[in-house]
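Each reported figure results from applying straightforward, stated rules to the coordinates on display, with no laboratory input. Please read these numbers as outputs of a predicted model, since none were measured by experiment. Using ideal geometry, Cβ is built from the backbone for each residue, glycine included, and neighbour counts are taken over all protein chains shown.
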Amino acid sequence: MAGPYYTDLAANQLQGANLPGQVGIDQIGSGTTVQNQPLFEGPPDVVGTYTWVGTEAAGEIINIGIARAGLLVSPKITVSSGLTAPAVTLTVAIGDNDLGLLSALPIPNAAAGVAALGGPNSLQAPVWVAATSYVAGNVVLDAASTPSNQTYTCILAVSGSTAPHSDSTHWIANQVRYSASIDIHAASGNVAGAAGTQLYGGVASQTPAAVLPGTLQTGFSVNSLANQPYIIQNDCWLQAVILTAATIAAGAVSVFRIPTASLNN
């Protein structure tokens with residue numbers, strides 16, 4: 001496979017460039033009008049324009065833009081096209097590669113900090129191992145997924161021999177976290193994400209049960225995983241995974257818009 005491919009925004013971010021810029025950071029003079037530090041620089045939407053090459057194929061990835069650690073990503077995404085139809089057949093899913101292979105994470109701007117540079121706070125999910133016990137909230141890499149080594153989050157405790165990509169009862173694919181398959185082949189389209197979620201929030205946690213003043217702690221209550229918003233752990237790529245593709249029009253354009261928010265907003 002070729003790829004990964006990059007939107008205009010992602011290509012600029014890959015170079016460590018920044019708009020409107022910070023002292024000591026390379027500046028972008030042209031080529032984008034989108035701020036690429038949404039956590040720190042204002043409008044939180046990540047907007048990336050992708051120009052189709054014509055050779056893209058099912059199973060390949062388009063990196064849309066960087067989602068910074070600490071962001072919440074909304075599943076209320078849209079994918080728009082211009083007057084030229086991008087393809088005869090074209091479906092994509094939208095997700096991220098948070099906790100994915102460190103080698104596949106973006107090159108960060110300096111402001112991203114040590115963690116995004118592979119420092120001690122950068123995390124990579126372990127590879128899924130058959131017959132290992134997993135609980136809701138565990139994240140693993142599935143070496144047999146398409147594309148390979150995609151991240152999956154456990155949504156129901158399991159210990160078995162079925163790999164996550166073949167077990168939707170117990171696992172959710174992070175590559176479709178914000179939208180399952182959507183059809184974006186048409187001209188002048190404006191397609192909303194479908195079946196996305198902002199939930200399934202990281203490692204399942206236990207918190208102390210309510211205790212009245214002057215009484216002894218007697219137990220713990222387990223938070224419901226389905227009620228936890230997912231917060232990006234590492235700087236990572238927001239990604240479109242191509243699910244089906246036929247007769248792609250070279251030069252056609254698709255615009256990906258993904259709303260994000262900071263817990264500090």
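Could you list which residues have their amide H under 5 Å from that of residue 65, counting only those 5 or more apart in sequence or on another chain, with H placed in the peptide plane?
For residue 65, the qualifying residues are 238.
Please give the net charge around residue 191, taking every other residue with its beta carbon less than 15 angstrom from that of residue 191, where Lys and Arg add +1 and Asp and Glu add -1.
Net charge in that neighbourhood comes out at +1.
In what order do 45, 98 fall by count of nearby beta-carbon atoms within 10 Å, going from fewest to most?
Ranked by crowding around the Cβ, least crowded first: 45, 98.
Using amide H atoms built 1.01 Å from N in the peptide plane, name the residues 5+ places from residue 235, or on other chains, whose amide H lies under 5 Å from its own.
69
In terms of modelled amide H atoms, which long-range or inter-chain residues lie less than 5 Å from the amide H of residue 59?
Those lying under 5 Å, H to H, from residue 59 are 242, 243.
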